[in-house]
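The values are calculated or read from the model by the stated rules, or taken from the named source; none is laboratory data. Model, not experiment: these values are computed from the prediction. FYI the Cβ positions are ideal-geometry reconstructions off the backbone, even for glycines, and counts take in every protein chain you see. Quick note on the areas: whole protein, heavy atoms, side chains included, nothing else; ligands and nucleic acids left out. Shrake-Rupley method; radii C 1.70, N 1.55, O 1.52, S 1.80 Å.
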Amino acid sequence: MFRIGAAAGIAGVALAVLSALAVLAAIQDPFADVSAAAYMKGIAASPELWVLLHFAVTLGTSLRLAGLLTVGETFAGTPARPLAMIGNGFSVAGVALLIATYARDGYVHMFLTQTWERTGSVQEAIFSASSRSAYSTEITGVLLVAGLAPVAYGLAMILSGLYARWIGWVGVTGGVGGVLTAGYLYATGLSDLGYGVLYPLFGMLVPAVWLIAAAVQIWRAPVLPSLTEPVTEHVLTAEGRRA
């Protein structure tokens, strides 16, 4: 059962990242600092692909949540469980915000684009406000999923010894970077440094590497702790063997 969750997490990261990159490369950067008219022209050129890729990002993010909750469950019966539960809470709240963002950006913005020719500048103003609203929910989701949740999980990994220590430290340091990234984006908006450098690094790459590393260790581990067995007998080593 743990392997199913680990596999879901890996598949979710791959699907979400690849779909997001496809949106950027093939259609339009959802949060580029461009006019509403330019944004809608990009969507209008490939509306079906726009919706399909946003659905894929949503599915991938949901599977990513399965992986995060699986990581949290590995701490059941250990002193680090409270930290894992905190990480679970951040993950659920953050993924909910990200899914709401993708639904708005994918479906609602396509609808606004389709009615754009009849409404003109009025629709552009509505679209602009809607895109900034989606931006705010995405950054809040990044704060939780790529920032606070990995910090909580990473601390649990380090303090419990269930995972290779480097995985825990990647979670903590990457999570701190995610918190700082979200704070910077809140303060500066669509800045080149924030959205062009910090977001890809701490909002996408580092969290993906960390979750995949944790999922791979879960997959390779023959034994995980239970609520009834001593924690010290089931410590996961870097090779995934019983310590």
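For the range 62-75, a tally of residues being touching a residue at least 60 places away in the same chain (Cβ under 8 Å) and of a type in the set (Ser, Thr, Tyr) returns 2. Here Tyr195 fulfils each of the conditions (1) crowded, with 22+ Cβ neighbours inside 10 Å; (2) in contact with a Pro (Cβ under 8 Å, 6 or more places away or on another chain); (3) in a helix (DSSP H, G or I) apart from (2).
Has the range 87-107 got any residue that is among the small types (Gly, Ala, Ser) and within 21 Å of Ala164 (Cα to Cα)? Scanning the range 87-107 turns up at least one residue that is among the small types (Gly, Ala, Ser) and within 21 Å of Ala164 (Cα to Cα). Please list, ordered by first then second residue, the pairs with beta carbon atoms under 9 Å, 6 or more apart or interchain, first in the range 110-121 and farther than 16 Å from Ile27 by Cβ, second modelled with pLDDT under 75 and in a helix (DSSP H, G or I). Partner pairs satisfying both residue conditions: Thr115/Gln123; Glu117/Gln123. Need a quick list: helices (runs of 4 or more DSSP H) entirely within the range 90-165 having at least 2 residues that are open to solvent by 20 Å² or more (accessible area, probe 1.4 Å) and out of contact with any Gly (no Cβ under 9 Å at 6 or more places or on another chain). So the answer is 109-114, 116-119, 121-142. Close Cβ contacts (under 9 Å, 6 or more residues apart or on different chains) running from residues in the range 122-147 that are over 30 Å from Ile212 (Cβ atoms) to residues that are open to solvent by 20 Å² or more (accessible area, probe 1.4 Å) and modelled with pLDDT of 85 or more comprise Ser130/Arg104; Ser131/Arg104; Ser133/Arg104. Val216 meets all of the listed conditions (1) within 23 Å of Ala76 (Cβ to Cβ); (2) buried (at least 19 other Cβ atoms within 10 Å of the Cβ); (3) among the aliphatic types (A, V, I, L, M) but one, namely (2).
For the range 179-192, the candidate set comprises residues that are more than 17 Å from the chain's Cα centre (by Cα), open to solvent by 40 Å² or more (accessible area, probe 1.4 Å) and farther than 13 Å from Gly141 by Cα; within that set, the residue that is modelled with the highest pLDDT is Tyr184. Residues that are closer than 27 Å to Ala26 by Cβ and modelled with pLDDT of 95 or more do not occur anywhere in the range 69-92. The set of residues in the range 50-92 that are of a type in the set (S, T, N, Q) and within 16 Å of the chain's Cα centre (by Cα) comprises Thr58, Thr61, Ser62, Thr70, Asn88, Ser91.
Do we have Thr115 as touching a helix residue (DSSP H, G or I) at 6+ places or on another chain (Cβ under 7 Å) and at pLDDT 95 or above here? No.
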